[in-house]
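In what follows, a single structure is set out as structure tokens and then discussed.
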Amino acid sequence: MALSETTTSAAAPARRRARLPRFAWPWLLLLPTFLAIGAVAFWPILEGLRLSLTNTSLITRQSDYVGLENYAGLLSDSNFWNAWGHTVWFTVASTFLETVIGLIMALVLCEHFRFRGLVRAAMLVPWAMPTVVTSKMFGWLFDGQNGVVNWILMNIGLLDDKVNWYGNPDTALTTLIIADVWKTTPFMALLLMTGLQTIPKSLTEAARMDGAGAWMIFWTIRLPLLMPTLLIAGLFRALDAFRVFDLVYVLTGGGPADSTETLSTLAYKSLFSTLEFGYGSTVSTAMFITEAALATILVLWLVHVIRRTT
């Protein structure tokens, strides 16, 4: 009788522990992570959305609910559309150039040659540099008076006079794109190189035995199998380029004449320069919506490509 009671009492905690379903344990263990992400990510998004529906300002001391009034004003705001256009162009141009150049670099670095490891390590130096350092460096390189770029182009005969690269509205945004391409292309090359190394060598060797050249192997074997990696890398890079801030803020500050203004710098100025929290949050929300739409398009394209290749 005593043995039966001891067994029953020992089995009771086990039954109580078993009341929680097995599938719930992983979610319970992930709960602290979800709470941390919610505190630092989702809550600011929701708070920004709430502020975008108000006229909160530290200058006028107002904080009234105005509904969609800020969004209506945004649609007729030429400064917003100017920044939106610059942001989209910067994203498209930099992502395209970084993808193409990064793919070329990845193809070269996948081949066997002397000091390949050293070249791979050196390739990552621009990407490892802080963006502020890159901005200052390109500020010196493209300086309109004493810049190295002007000196080189004038000595080889491509320029007759000095160009004020980031002080001219016609060339300032192009200078930013060049700086971003220089810094971030190694990131794309690293991702694409990883994708190339997952392609079975037996496929390329069989193609060479059948008489296929390098271009045919790339176009019919490597590129189709690399396409999912290519789209994922492009997705990451496009989302990162769309919210560019530090490069623009340090090098040009959005000038000259708002020719390099982006959504990030416009939101920053609205929030922290004019202290218009309501309107600045509206700009940030519009930026988030645009980026979400861009991500959705790229993800749907990626899913389509993966289904077609498999």
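When you scan the range 101-118, do you find a residue that is touching a Ser or Thr at 6+ places or on another chain (Cβ under 6 Å), farther than 19 Å from G255 by Cβ and either among the acidic types (D, E) or at pLDDT 90 or above (or both), even just one? Yes, the range 101-118 contains a residue that is touching a Ser or Thr at 6+ places or on another chain (Cβ under 6 Å), farther than 19 Å from G255 by Cβ and either among the acidic types (D, E) or at pLDDT 90 or above (or both).
Inclusion of F242 among residues that are over 18 Å from L51 (Cβ atoms) and of a type in the set (F, W, Y) is warranted. Determine if the range 76-91 includes at least one residue that is of a type in the set (V, I, T) and closer than 30 Å to T198 by Cβ. Yes, because at least one residue in the range 76-91 is of a type in the set (V, I, T) and closer than 30 Å to T198 by Cβ.
Does the range 57-77 contain at least one residue that is assigned to a helix (DSSP H, G or I) and surrounded by fewer than 13 Cβ atoms within 10 Å (Cβ to Cβ)? Yes: one or more hits.
R120: at positive phi and of a type in the set (D, E, K, R), yes or no? Here the answer is no, as R120 does not meet what is asked. Taking the condition more than 23 Å from M129 (Cβ to Cβ) and touching a residue at least 24 places away in the same chain (Cβ under 8 Å), does G213 pass? Considered against the rule, which asks whether it is more than 23 Å from M129 (Cβ to Cβ) and touching a residue at least 24 places away in the same chain (Cβ under 8 Å), G213 comes out as no. If I filter the range 227-238 for residues that are buried (at least 17 other Cβ atoms within 10 Å of the Cβ), more than 30 Å from L266 (Cβ to Cβ) and free of Cβ contacts under 8 Å to residues at least 60 places away in the same chain, do I get at least one hit? Within the range 227-238 (the criterion being buried (at least 17 other Cβ atoms within 10 Å of the Cβ), more than 30 Å from L266 (Cβ to Cβ) and free of Cβ contacts under 8 Å to residues at least 60 places away in the same chain), the answer is yes, since at least one residue qualifies.
Name every residue in the range 209-219 that is touching a helix residue (DSSP H, G or I) at 6+ places or on another chain (Cβ under 8 Å) and at pLDDT 85 or above, in order of residue number. If the condition is that a residue be touching a helix residue (DSSP H, G or I) at 6+ places or on another chain (Cβ under 8 Å) and at pLDDT 85 or above, then M216 is the only one that fits.
Residues in the range 63-83 that are small (G, A, S) and closer than 14 Å to F277 by Cα: 1 in all. Would you confirm whether any residue within the range 244-256 is under 23 Å from the mean Cα position of the chain (by Cα), charged (D, E, K, R) and closer than 15 Å to W84 by Cα? Looking through the range 244-256, none of the residues is under 23 Å from the mean Cα position of the chain (by Cα), charged (D, E, K, R) and closer than 15 Å to W84 by Cα. Checking N150, N164 one by one, the residue that is surrounded by 20 or more Cβ atoms within 10 Å (Cβ to Cβ), out of contact with any helix residue (DSSP H, G or I) (no Cβ under 6 Å at 6 or more places or on another chain) and not small (G, A, S) is N150 and no other. When residues in the range 164-212 are screened for being hydrophobic (A, V, I, L, M, F, W, C) and over 30 Å from the mean Cα position of the chain (by Cα), 5 of them pass.
The conditions of being of a type in the set (A, V, I, L, M) and either part of a helix (DSSP H, G or I) or touching a strand residue (DSSP E or B) at 6+ places or on another chain (Cβ under 6 Å) (or both) are not met by A212.
The values are calculated or read from the model by the stated rules, or taken from the named source; none is laboratory data. Here the structure is a predicted model, which is why all the values come from computation and not from measurement. Cβ atoms come from the backbone with ideal geometry, glycine included; neighbour counts cover every protein chain shown.
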